[in-house]
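Written out below as structure tokens is the structure these notes cover.
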Amino acid sequence: MAISIFSFLPLISAIFVLFLGIFVFLKNKKLKLNIIFFLLSIAMTVWLFSTFMMFVSKTDDQAIFWDRTVYLGVVLIPILMYHFGLAFSKTRNPKILYSGYFLAVTFLILSRTDYFVADLFKYQWGVHTKAQIFHHIFLAYFSIYLFLFYFNLYCHYRKTKIGIERNQTKYIFIAFLILLSGVLGYLPAYGIGIYPFAYLSGLIFTIILAYAILKYRLMDIRMAIKRSTIFSGVVIMITAAYALAAFLLSWVVFGGVYTFKTQIIVGLIVAFLVALGFRPLYDWLRKITDTFLFKGEYKPQELMADISDILSQTLDLDKVVNILKEQISRALRIDKMEVVVLEGGNEIASVAKGDLAMTSQKTLRQAQEIKEPQGVKALRKLINYFKKQREVLVLEELKRKKAEKNGFDKGVLFIRDLEKLKTALAVPLLVKDKLVGLFLLSFKKSGDMFTDEDIKTLEAIAAQAAIALENARLYEEMKDFSKTLQKEVNRQTKNLRDANIRLEQLDKAKSEFISLASHQLRTPLSIIKGYISMMLEGAWGKITGKQKEHLERVYSSNERLIKLVEDLLTVSRIEAGRLEFDFQPLALDELTESMIKEFSQMTAKKGLYLKYIKPAKALPKVKADSLKIRQVIQNLIDNALHYTKEGGATIRLKAEKNNVRFSIEDTGIGISSEEQVTLFEKFSRGKEIARIHTEGTGLGLYLAAKLVEAHQGKIWVESEGKGKGSAFYFELPVKRKK
Amino acid sequence: MENKKRKILIIEDEKFLLEIYQSRFEKEGYQVFAAINGLAGLKLAQKEKPDLIILDILMPGMDGYEVIKKLKENNQTKEITILVLSNLGQREEINQGLKLGANDYIIKTDLTPSELVNKVEGMFK
């Protein structure tokens, strides 16, 4: 009964199992599955520890005591495994379960009797008790419940579609299958002296389950994988390797003869090998774990830095959304990811707008991908939830919580919504406590659970993304706004342009109307003129003085009408831009003289003078359209005579530098300085003038000014005020500028 | 008085005006022919070969410009003096008439019938 290194294998296994059990229990004391696992680990610890104690027992009595103690653990293992399997697969089978417990307790009691085990087998590696009658029956119970356990697990595996649960089931299956090799431990009880390597299975079992916990959050344990975990792995591996090497060495070299001396030598050699091999082993293990445990892992810091880099470079909402989707999906290896952008504001209406309409076209399309009404409804429910709750929703966790009926978590109510949206993980995007959007992540491609680190990373990214999205959204809103504004401006401009075109058409129509009307008016006017003039000439018999006077009034009124029509026609032409000019050299003095003659009859009748003072020296000819200038002079003379009661008007012509100036100075009513300003505007008449005469059209001076302007000339008025007469001037250039 | 033997053709669609002008020129001893449209005017011109034609522009059917063209195209009438007497008095309208071969262009409302007679007499000098 020598103590060898192998004797410690069960002890190491026991420590590991116990450690795992306590760990699982502490992580979630309320979860049924964890409690059962904890009990199971205790049973296994009892088994392994007692085995160890049995190995190191100094006496046979001690060995028997510890061997019996082994059964205290072992009898409970099948039923606890079965129970664990039921809890895990969320199935119920109380009859078999309670029968199992009953049997276990029965065997627990029986194991203390000699009908279970008695006597000893002595082997090279130690001693073992002999199996008795109840031990055989016990083996039947053992086999049945183990079979039931594996069968149940297998069925669950077949049924489960969700990747994570499948993986969890798979690993539990494997771990417990390895544990099955522990049955080899029964052989020594039947006289077969096989060294109980099976104790090692406890160790492997622990490692596999630990792996499943790490990777698939078995028993709802979210744990960050740390390098220290790898180190622990290395230590375990070295221990195992050390044990194995020591065993092989002593077996091969020393033929299994254990003496203190050989053990020292073996120990030294293995220690040397381990010392040599530590570094390479550590590196190798790290590589293995990296590829195995951290397979497809990303570096959170790098991911965050990358995303923040890219996000800081764009304000394009679609781009921001795409970057987030692309980067996160790739790093976390998820099937699909949605980024939901809310339009802002807290009202339900805006939420509806947020998830139904979305802000941009692309996000709209994303909304449509989950567009079935139920999806939209689910999304809206989630959005409302996240307005009050800022915690990430993890579908698997919620499912577990629901299954365990473990306290109340509001999130549980959203399991169906998450499933509808094919979302395994929902992360709220918050800017200063305001919900601006959501990340909806599907399951990982591998079916792996999201690790604690994943979630922490996502939360960190979410904080950044929220700001980027909000900025992009605001920018988009601004862009949309300016687009709308531009559209509105364009619309209004077009309206104005249309209105302008309509006005122009209207104006043209007006001009054409005036033009036509004027032509039509001329015919009756010329008929009146013809008849009256002939009557006045006595063509149809002599007329009396009174008749003559009245006929003359008719005639002069008709003349005014004729002139008015002509002015109107010219004005309408000017305004329509259709007045044509024929600029020819014109002797202004000749024209003036002929005009004065035309007015001789009128001045005589009114008793006014119209003087023409010839220029001192010969005048140069001006470039002008004689018809138009005729109209100008006619208007000015007419105007002067019209507003003069006594005295008359004096016309002068004068050669200026490059110009010829025409002036007509009257002794009439004069014009105030204010009125001088607007005198040349359309339908403007001096106030004073308006009181005295009402028959003026106000067109004459306007027309004169327009015509002079068209000649590149100047027209103006000078008057010292009311009652002091006025002087009108215009100048025409000798040469026209191009 | 041999002046007064001269033949004048007045082409004018407005009957009152036609009547006034006709009576006024006849009073002066002219032999006056009157036509109320372009076509009738052309026929008379060809038949009577007047010394001068007083021609309106705006008329139903053939307008005055067309009448000038036709008169000028015909060897028998192309030498006849043409005085346009129209309501149209814009520069381009006047220029068009003169360009086609009218000897003068007068706006109706500018002259009384007597003044028109003076004008015509002036043109014969």
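Odds and ends about this structure:
- Under 20 Å from residue A:548, Cα to Cα: aspartates and glutamates that are on another chain or at least 8 residues apart: A:537, A:559, B:115
- Inter-label distance, nm, simple model (7 Å from Cα along the C-beta direction), residue A:547/residue A:484: 8.3 nm
- The packing ranking, built from the mean of other Cβ atoms within 10 Å per residue, places the peptides B:18-30, A:502-514 in the order B:18-30, A:502-514, highest first.
- Alpha-carbon centroid distance for the pair the stretch A:574-648 / the stretch A:66-89, whole angstrom: 133 Å
- Projecting the Cα atoms of A:600, A:725, A:615 onto the dipole axis of the stretch A:584-733, where Lys and Arg carry +1 and Asp and Glu carry -1 at the beta carbon, places A:615 farthest toward the positive end.
- Average partner coverage of B:105-114, which counts Cβ from other chains inside 10 Å: 6
- Its relative contact order, with pairs defined as Cα atoms under 8 Å and 6+ residues apart, puts the stretch A:7-72 at 36 percent.
- Beyond 22 Å in Cα-Cα separation lie the following of the pairs A:420/A:445; A:508/A:706; B:15/B:108; A:508/A:738; A:32/A:445: A:508/A:738; A:32/A:445.
- Site pair residue A:587 and residue A:495 shows an inter-label distance of 6.2 nm when each label is modelled 7 Å from Cα along Cα→Cβ.
- Net charge dipole, the stretch A:489-640: roughly 240 debye, given to the nearest 20, about the Cα centre with Cβ charges of +1 for Lys and Arg and -1 for Asp and Glu.
- For the stretch A:486-576, the residue among A:544, A:556, A:500 whose Cα projects farthest onto the positive side of the dipole built from Cβ charges is A:500.
- Sparsely packed trypsin sites (Lys or Arg not before Pro) within the stretch A:520-595, loop by DSSP, other Cβ within 10 Å at most 14: A:542, A:578
- Lysines with Cα under 27 Å of residue A:479, excluding same-chain neighbours fewer than 8 positions away: A:319, A:325, A:353, A:362, A:371, A:432, A:434, A:487, A:494
- When you restrict to C-alpha pairs under 8 Å that are six or more residues apart and normalise by the size of the stretch A:61-117, the relative contact order lands at 47 percent.
- FRET E, pair residue A:609, residue A:508, Förster distance 45 Å, beta-carbon r, rounded to 0.05: 0.50
- Between residue A:720 and residue A:627, the C-beta separation translates, for a Förster distance of 45 Å, into a calculated FRET efficiency of about 0.85.
- Difference of contour (0.36 nm per residue) and Cα-Cα distance, residue A:30 to residue A:673: 221.0 nm
- In nm, spacing of pseudo-spin labels at residue A:244 and residue A:106 (7 Å Cα→C-beta vector): 4.2 nm
- Modelled FRET efficiency - R0 30 Å, residue A:90 with residue A:459, Cβ distances, 0.05 increments: 0.50
- Per residue convex hull volume, Cα atoms of the stretch A:5-223, in Å³: 108 Å³
- Only the Cβ atoms of Lys and Arg (+1) and of Asp and Glu (-1) were treated as charged; on that basis the dipole of the stretch B:3-124 about its Cα centre amounts to roughly 460 debye.
- The stretch A:448-469 and the stretch A:502-524: distance between their alpha carbon centers, rounded to Å: 78 Å
- Net length gained if the chain between residue A:137 and residue A:737 were fully extended (0.36 nm per residue, minus Cα distance): 202.8 nm
- Helix-derived mean residue ellipticity, 222 nm - over chain B, DSSP H n ≥ 4, -39500 (n - 2.57), to 500: -13500 deg cm²/dmol
- For the segment A:520-528, counting C-beta atoms of other chains within 10 Å of every residue's C-beta and taking the mean gives 6.
- Among the residues of A:534-540, the average count of other protein chain beta-carbon atoms within 10 Å of the residue beta-carbon is 3.
- Chain B: relative contact order as a whole-number percent, Cα under 8 Å and 6+ apart: 22 percent
- Value of D in µm² per second that Stokes-Einstein yields for the stretch B:3-124, Kirkwood Rh from Cα pairs, at 20 °C (1.002 mPa s): 153 µm²/s
- 20 Å Cα-Cα threshold exceeded, pairs from A:299/A:444; A:606/A:628; A:377/A:401: A:606/A:628; A:377/A:401
Every number in this text was worked out from the coordinates using simple rules, so none of it is lab data. Only a predicted model underlies this, so the values are computations on that prediction, with no experimental measurement involved. Because the Cβ atoms are built from the backbone with ideal geometry, glycine has one as well, and the counts that use them run over all protein chains shown.
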